[in-house]
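Okay, structure first, notes after.
The values are calculated or read from the model by the stated rules, or taken from the named source; none is laboratory data. Note that the structure is predicted; figures quoted are calculated from it, not measured. The protein model used for the area step is the full one, side chains on, heavy atoms only, and it has no ligands, DNA or RNA in it. Shrake-Rupley method; radii C 1.70, N 1.55, O 1.52, S 1.80 Å.
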Amino acid sequence: MAPVAGARRSRVLLREVAFATVLLLLFLFFGKSVLDTLRLSELSLRIAGGVVLFLIALRMIFPSEGGTAAASAASEPLLVPIAVPALAGRRRWLP
């Protein structure tokens, strides 16, 4: 978020938190029925989430030349994938 101006940075942050909150609330109320419809267990969802976070971590450690990280470095982030798990795991709101 370094290239984003200070005033715009707070708007981007609020947008990310609002998206994460809506997504978490949807899964709070409809998550079990979605898992039952797709015939997925909670364990398989945890394993898939771990794999996705591992792949994101690998891309952060070993970025590709001219990849998506380089293209998005000049613009503001939109729906950061790590925002939802980070918000869901927070125990307090202030750092």
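Miscellaneous remarks
- Filter result (open to solvent by 100 Å² or more (accessible area, probe 1.4 Å) and at pLDDT below 85) within the stretch 32-61: MET60
- Residues that are open to solvent by 60 Å² or more (accessible area, probe 1.4 Å), over 17 Å from the mean Cα position of the chain (by Cα) and at pLDDT 85 or above do occur in the stretch 12-31.
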